[in-house]
Structure formats: C-alpha cells, structure tokens
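J.: Dropping the structure in here first, questions after.
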Amino acid sequence: MWSSSFLASSHNFSPPPKLSLLSSSSFSSSSHHKKIQTFLCFSQNHSSTVGICFSKRHLNLSILTLLFNGGFLLDKAKSMAESEDLQRYTDSKDGFTLLVPYSWTKVEKAGANVLFEEPEKRSNNIGVVVSPVRIKSLEDFGTPQFVADKLINAEKRKESTKEAEVVSVGERLGQGQVYEFEYKIDSTRGGIKRVFSAAFVSSKKLYMLNVVHSDSPENPLASSTRVLLEQVLHSFDALPLT
C-alpha cells in the first residue's frame, strides 16, 4: 500500500519543540522550600505536634527514587503485557525489528521483505517493505500530514478502492524519526479494512510497515485486537547502527 515513489521530492520540516518535564524554578521562593521540607504529624493531643524536617538533598533523592521505581514498574508491566501475545521479530540483514502476534505465521510473498498472516483470516496481515531512496530522513521529504495526503491519494487512485480516509497522523522518535498513520479503506477486495502504517528512513533505505485488519460494520475491530495492533505499530524501528 506504500510506494517508494512517494519520495520523489523533498520539503522542509520543522521538528516539534522539546518539552521540559521538571523545572527547579518552580520552587524558588523561601516559603515554598519551607513547606516542602517540613511535614507536620498531628496527634489527637495538639501539644504533641512533631515537626520532621528533611534537607533539600534528601528530598531530591526521595523524589528521584520514586520516579525511578515508578518508571521501572511501568516498563516491567509493559514488557509483561507485550510478552503475553507478542514476540519480537528482528531482521539483522535488512536492519529492522518489530513485535508480531505469536499465533500469526510468517509466509513468503514477492515484494515483501517479511509478511505475517493471521491463520484464521489470511487477509489480516503484517508486512514490511524496504526500498532504497535518495533522502537521508523522512523530514527531507515532508511532514507527517504531507506524507499521509500522498498515501491516501495513492490509495484512492486504485481501481479497487471505493473509499479511503485518514483517521490519524503522528510521529515518534525511535532510532530516528518515525511517521505513523491510521486509515480506513473500503475496497472491492476484502471490504472495509483498518490499516496502521509506519515509515522511517535509515541508511538511505525507506522502511514501510503495513498492519491490515478487517473492520466491517458486521464484525468491527475489537478493542483488544486494536491495542495489540497498535503495539505492533509502535514497536517498528531500525536496528541501532554499529
């Protein structure tokens, strides 16, 4: 569904601004320091109030410990969730990796570097295509919205396509910039389908992922299946350059 012909020209792209999560200026006043560093424990007898004071260094260490442990637990929970239904596939030759459902089988197909199909319904599939390009990154080609417009217009030009619409457009940072798209297609070949796509450029190669699943009104895409397919989408990335 993707074609490297989309990358026939280049356009400027401005990356989004960086966000700062923590700022020490938020606690610059002495009154704020006093409130943070002192915790009062009240008993039923007001005369027995005890003030417990912590130094700024101890407080910072406590906050860092809490953030570290919280992040560790979240990462562990995410890893456990992935391991239940997904397994990692890595192509060392072509230089990419992604998660795929355990039950889906790998098949051979001309034009695809790798293709996985759901055994019960083979039209539900996950495919990756790698093609040489002249650009060094997707930003050299255009913004995510620009690429999405090119993509959906190419779908609409197909004789089998009855309708096609973009649902969402996004980007994330992997080994490089990764563009992500979600769109719906109503086709004479297989009816209504939900498609999750991702693309990135690495070492002057265009890597394209398509995750295709049926999504008809009679049998809509289940929320649990959607979560699984989104995990596949977000896991697609280049291997680190050595």
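The values are calculated or read from the model by the stated rules, or taken from the named source; none is laboratory data. Remember, predicted model here, so these are calculated numbers, not experimental data. Glycine also receives a Cβ, built like all others from the backbone with ideal geometry; neighbour counts cover every protein chain displayed. Side chains are part of the model used for accessible areas, which takes the heavy atoms of the whole protein and leaves out ligands, DNA and RNA. Shrake-Rupley method; radii C 1.70, N 1.55, O 1.52, S 1.80 Å.
J.: Name the residues in the stretch 119-142 that are in a strand (DSSP E or B) and in contact (Cβ under 8 Å) with a residue 60 or more places away in the chain, would you?
T.: Here is the first cut: in the stretch 119-142, the residues in a strand (DSSP E or B) are 121-132.
Selection gives LYS121, SER123, ASN124, ASN125, ILE126, GLY127, VAL128, VAL129, VAL130, SER131, PRO132.
J.: Something else about it: Can you report the number of residues in the stretch 120-133 which are surrounded by fewer than 13 Cβ atoms within 10 Å (Cβ to Cβ) and modelled with pLDDT of 95 or more? Reasoning before the result, please.
T.: Step one: of the stretch 120-133, the residues surrounded by fewer than 13 Cβ atoms within 10 Å (Cβ to Cβ) are 120-122, 132.
Now narrow it down to the ones that are modelled with pLDDT of 95 or more: 132.
Number satisfying all stated conditions: 1.
J.: Pick out, from the stretch 143-242, the strands (runs of 3 or more DSSP E) lying fully within it that include 2 or more residues that are in contact (Cβ under 8 Å) with a residue 40 or more places away in the chain and open to solvent by less than 60 Å² (accessible area, probe 1.4 Å).
T.: Values: elements: 161-173, 177-187, 191-202, 205-214.
Those strands (runs of 3 or more DSSP E) span 177-187, 191-202, 205-214.
J.: Another question, if that's okay. Among what's in the stretch 109-118 and is within 23 Å of the chain's Cα centre (by Cα) and in a loop (DSSP other than H, G, I, E, B), pick the residue that is nearest to SER216 (Cα to Cα).
T.: Within the stretch 109-118, the first condition is being within 23 Å of the chain's Cα centre (by Cα), and the residues that meet it are 112-118.
Still in the list and also in a loop (DSSP other than H, G, I, E, B): 112-113.
Working: ALA112: 26, ASN113: 28 Å.
Restricting to residues being within 23 Å of the chain's Cα centre (by Cα) and in a loop (DSSP other than H, G, I, E, B), the top hit is ALA112.
J.: Would you say GLU180 is of a type in the set (D, E, K, R) and out of contact with any helix residue (DSSP H, G or I) (no Cβ under 8 Å at 6 or more places or on another chain)? Before you say what the answer is, go through the steps one by one.
T.: Details: of a type in the set (D, E, K, R): yes; out of contact with any helix residue (DSSP H, G or I) (no Cβ under 8 Å at 6 or more places or on another chain): no.
No; evaluated as a whole, the condition is false for this residue.
J.: If I filter the stretch 194-242 down to residues being of a type in the set (Val, Ile, Thr) and under 20 Å from LYS93 (Cβ atoms), which single residue comes out as nearest to the chain's Cα centre (by Cα)? First the steps, then the outcome.
T.: Of all residues in the stretch 194-242, those of a type in the set (Val, Ile, Thr) come to 195, 201, 211-212, 225, 227, 232, 242.
After this cut, where a residue has to be under 20 Å from LYS93 (Cβ atoms) as well, the list is 201, 242.
Numbers: VAL201: 16, THR242: 23 Å.
Among them, the one singled out is VAL201.
J.: Still on this structure, I have one more. Starting from the stretch 88-106, keep only residues that are over 12 Å from SER235 (Cβ atoms), then list their pairs with residues that are surrounded by fewer than 17 Cβ atoms within 10 Å (Cβ to Cβ) and polar (S, T, N, Q) whose Cβ atoms are within a distance under 8 Å, requiring at least 6 positions of separation or different chains.
T.: ASP91/ASN113; ASP94/ASN113; GLY95/SER203; TYR102/GLN87
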